[in-house]
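The values are calculated or read from the model by the stated rules, or taken from the named source; none is laboratory data. All values reported here derive from a predicted model rather than from experimental measurement. Here Cβ is always computed from backbone atoms with ideal geometry, including for glycine, and neighbour counts include all displayed protein chains. Each accessible area value is taken on the protein alone, full model and side chains, heavy atoms only, with ligands, DNA and RNA left out. Shrake-Rupley method; radii C 1.70, N 1.55, O 1.52, S 1.80 Å.
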Amino acid sequence: MSIAACLLIALYIRDEMNYDNSYPDSNRLYRITGEYDNNGKLETGSDWPAPLMKALKDDYPEVELSGRLMYSELFYGAGNNEIRRVDKTTNNYEDKFTYADQELLDMLKIPMAYGDRAHALKEPNTMVISKRIADKYYPGENPIGKLMILNDDNKKIYKIGGVIENFPSTSHIQFNFFLTMSGYELWPGEGSSWGASNYTTYVLLKKEADPVQFQKKLKGILSKYYLPMMLKSGDKQATDLLSKAKMLIQPISDIHLKSYNIDDGLIKGDMRFIWLFGGVALFILIIACINFINLSTAKSANRAKEVGLRKVVGSLRSGLIKQFLTESMLFSFLSLALGIVMALVFLPYFNILTAKSLMIPWTSWWLFPLMIVSAFLIGFIAGMYPSFYLSSFKPIQVLKGQVSRGTKNSILRNGLVVFQFTTSIILIISTMVIYRQTHYILNTRPGFDKDQVLLIQGTNTLGDKTKNFKNELLRISDVKTVSISDYLPVSGTKRDGNTFYIAGRSKLDIGVGAQKWRVDYDYIETMGMKMVSGREFSREMPSDSSAVIINQAMSDKLNLKKPLGETIENGWEHFRVIGVMEDFNFESMRQHVDPLCIVLGNSYSKIISVKMKGADAKNAIAAINTVWKSFSPSQPFRYTFLDESFRNMYSDVQRMGKIFTCFAVLAIIIACLGLFALSAFMAEQRNKEISIRKVLGASATSITSMLSKDFAKLVFIAILLASPIAWWAMNKWLQDFAYRVPISWWMFVLAGIISISIALVTVSFQAIKAAIANPANSLRSE
């Protein structure tokens with residue numbers, strides 16, 4: 001069981017550690033990241049202005065190539081879209097769209113299924129698609145030169161310039177459509193502006209380049225390009241601000257596991273989970289080895305005469321050690337074979353649990369040598385102490401019956417039992433904390449009402465019919481409100497970061513970084529957000545076109561004592577504050593609520609939010625579908641629910657909790673198996689003592705209590721040792737969450753009760769069995 005668990009965890013760790021190692025020059029590929037000390041709060045990011053790519057190539061001879069990715073839905077076409085061949089009429093929904101430079105393909109050296117990589121994205125309005133997409137839309141064809149249209153927009157017709165092989169699952173880049181950056185800007189002049197950060201920038205360093213020295217030199221970018229831009233805008237604190245900023249390079253192989261503090265929109269792992277699961281696997285294996293050591297030494301009396309006789313007839317101690325080690329290794333190799341079979345049986349379920357497609361790499365040259373060496377080492381470690389212990393018996397004492405039976409007051413064995421249960425209790429406490437934190441996140445009201453909000457996807461294909469579609473939806477009796485906006489309070493939706501000032505103070509104060517969301521009049525009501533002061537947007541107030549509603553965090557950051565009526569600016573626009581919203585978590589609860597403001601405006605919208613009445617969602621969805629078909633008969637009706645999107649934000653936490661719980665239960669089971677066998681043997685060794693006690697009048701209850709209390713003492717010691725370790729470990733884990741549950745005293749009490757109960761139930765079965773046995777059977781020969 002322990003080897004099967006370790007094998008599954010090893011497959012998981014190997015898959016996570018293998019990310020982004022498949023690129024030919026992965027050791028020279030880096031992502032540019034930034035770090036900024038914002039009044040004691042360390043902020044990190046990976047978004048940079050468009051011209052950084054060219055500056056890196058022109059100013060630094062160490063850089064062989066630089067290229068950009070752009071996958072924020074702020075850009076038309078990034079994220080997800082409706083797409084079709086130009087010779088078809090029905091759109092298909094596809095996700096994983098990004099903008100990319102030709103240089104990025106050159107850096108990654110992605111294998112091509114069709115076309116020439118060197119020219120695939122050089123021309124405007126070209127795209128590169130994955131082999132998976134090519135097989136779907138052009139089965140059995142070479143799609144180079146074919147045309148595809150995005151979102152029924154005749155101005156967005158793309159020519160296929162190349163087909164790349166599918167990215168391996170162990171790549172942080174998992175896009176199916178690469179739209180060219182050539183000739184594309186978010187707004188006129190954006191390509192040369194250092195004032196807007198929207199791009200992820202990668203570099204390929206030359207072979208002789210020193211990455212450490214290159215990173216140190218990157219500070220020059222801040223002084224050469226950022227400082228003049230900030231001084232020109234009148235920012236008198238530019239020098240001080242930039243002195244707190246750093247530009248860093250992150251190896252591409254570190255992006256998946258070492259970016260948990262970088263909000264980059266990618267699905268990532270966490271190196272700390274790797275250490276955690278690796279530790280769990282090690283503990284499970286150690287617990288199993290402890291069981292073997294305990295039982296081997298406990299059964300020493302049964303083999304004492306064998307050792308004595310072998311020594312009398314000439315066996316050397318070294319020969320006996322070899323014999324016992326060989327037996328131990330035989331157990332280990334048999335366990336390995338059974339463990340592999342168990343791992344194969346449970347692998348499909350483990351893949352569901354981890355959301356992966358793991359396989360045992362049978363064809364890898366290193367697999368069988370590694371397994372053999374591992375089985376050898378496990379057998380050697382588990383059998384080493386019993387071998388030396390059993391071979392140390394002196395023949396004359398053994399044959400006179402004077403050998404210690406090794407079943408009572410064994411410091412080593414008691415210590416090993418304590419270690420087993422200390423580990424198990426740590427896992428029990430950790431599982432409870434993880435479960436409570438997950439439950440807290442998913443069930444605490446985040447500041448908006450996520451229930452019964454239907455998100456209709458792909459509504460950008462409606463074009464100028466969008467408002468009419470909204471009006472028709474409002475006629476449905478089961479629909480309460482409808483809002484048109486892509487800015488939603490869940491991760492993965494549109495975002496727009498800006499820097500705001502109190503009007504007239506942009507040259508005096510430090511700007512406040514905040515989100516600016518464009519919404520309609522019904523947004524706040526649809527999302528169930530609460531107003532602290534002021535009012536919502538009103539159709540009766542034409543001046544609201546230049547009004548803004550801010551959240552409490554933004555009011556505090558701007559130091560607005562009486563925010564209503566104040567005017568704020570973001571450099572080129574001025575807004576009058578008409579209301580203050582209660583803070584709500586629009587990103588993960590791992591971080592505090594950031595400043596946010598909402599303004600009236602039309603965003604390029606792919607999503608319409610529908611707040612439904614009552615509990616009859618089925619009829620409401622059917623009615624909405626009917627309206628959709630009347631407006632867009634050739635397009636599929638796609639929808640999700642806001643609460644589902646909210647839960648998906650924390651899928652990694654839920655998944656980690658489930659994995660951790662499964663292996664914690666397994667560790668406890670393995671510990672109990674050892675305790676069960678050990679208690680059975682101890683009852684057997686004390687058989688005559690128990691029989692004499694019964695003859696002298698001892699009750700079955702008192703005998704059961706006598707046999708159980710020793711183990712209960714060991715478990716109690718384990719509770720005392722495990723509690724501070726578990727508190728420290730879980731306190732460290734909870735630091736990742738700005739909003740978290742407290743680690744309460746009752747968790748430790750409950751874990752103690754559970755562990756003592758498990759131990760007593762395990763031991764009591766054998767104790768009761770011994771207590772009710774007929775004493776005559778044991779004392780007949782005395």
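List the strands (runs of 3 or more DSSP E) that sit entirely inside segment 57-125 and contain at least 3 residues that are within 18 Å of residue 164 (Cβ to Cβ).
Qualifying strands (runs of 3 or more DSSP E): 63-70, 92-100, 112-114.
β-branched (Val, Ile, Thr), crowded, with 18+ Cβ neighbours inside 10 Å and touching a Ser or Thr at 6+ places or on another chain (Cβ under 9 Å): does that describe residue 532?
no
Considering every residue within segment 759-772, establish whether at least one is modelled with pLDDT of 85 or more and either hydroxyl-bearing (Ser, Thr, Tyr) or over 28 Å from the mean Cα position of the chain (by Cα) (or both).
Within segment 759-772 (the criterion being modelled with pLDDT of 85 or more and either hydroxyl-bearing (Ser, Thr, Tyr) or over 28 Å from the mean Cα position of the chain (by Cα) (or both)), the answer is no, since none of the residues qualifies.
How many residues, within segment 327-376, are farther than 30 Å from residue 654 by Cβ and open to solvent by 90 Å² or more (accessible area, probe 1.4 Å)?
The qualifying residues number 11.
Which condition number does residue 579 fail, the rest of (1) in contact with a Phe, Trp or Tyr (Cβ under 9 Å, 6 or more places away or on another chain); (2) at positive phi; (3) without any contact (Cβ under 8 Å) to a residue 60 or more places away in the chain being met?
(2)
Just checking, does segment 735-747 include any residue being acidic (Asp, Glu), over 41 Å from the mean Cα position of the chain (by Cα) and either on the phi > 0 side of the Ramachandran plot or not in a helix (DSSP H, G or I) (or both)?
Checking segment 735-747: not a single residue is acidic (Asp, Glu), over 41 Å from the mean Cα position of the chain (by Cα) and either on the phi > 0 side of the Ramachandran plot or not in a helix (DSSP H, G or I) (or both).
Could you tell me which numbered condition residue 201 fails, if it satisfies all but one of (1) modelled with pLDDT of 90 or more; (2) outside any strand (DSSP E or B)?
If we test residue 201 against (1) modelled with pLDDT of 90 or more; (2) outside any strand (DSSP E or B), just (2) comes out false.
If the Cβ limit is 8 Å and pairs must be 6+ apart or interchain, which residue in segment 329-356 that is in contact (Cβ under 8 Å) with a residue 40 or more places away in the chain pairs with which residue that is basic (Lys, Arg) and surrounded by 13 or more Cβ atoms within 10 Å (Cβ to Cβ)?
Short answer, once both residue conditions are applied: 353/655; 353/658; 354/655; 355/655.
Would you check if residue 304 is surrounded by 17 or more Cβ atoms within 10 Å (Cβ to Cβ), more than 15 Å from residue 382 (Cα to Cα) and at pLDDT below 75?
Yes: the conditions hold for residue 304.
Do the conditions hold for residue 209, that is, is it modelled with pLDDT under 90 and either among the polar types (S, T, N, Q) or more than 19 Å from residue 105 (Cα to Cα) (or both)?
no
In the list 235, 240, 210, which residue meets the criterion of being open to solvent by less than 50 Å² (accessible area, probe 1.4 Å), charged (D, E, K, R) and more than 30 Å from residue 654 (Cα to Cα)?
When all the criteria are applied, what remains is 235.
Taking residue 167 as meeting all but one of (1) within 28 Å of residue 205 (Cβ to Cβ); (2) open to solvent by 10 Å² or more (accessible area, probe 1.4 Å); (3) in a strand (DSSP E or B), write down the number of the exception.
(3)
If you take the residues of segment 599-656 that are within 29 Å of residue 551 (Cα to Cα) and acidic (Asp, Glu), which of them is surrounded by the fewest Cβ atoms within 10 Å (Cβ to Cβ)?
That would be 644.
Can you name the number of the only condition in (1) in contact with a helix residue (DSSP H, G or I) (Cβ under 9 Å, 6 or more places away or on another chain); (2) in contact (Cβ under 8 Å) with a residue 40 or more places away in the chain that residue 166 fails?
(2)
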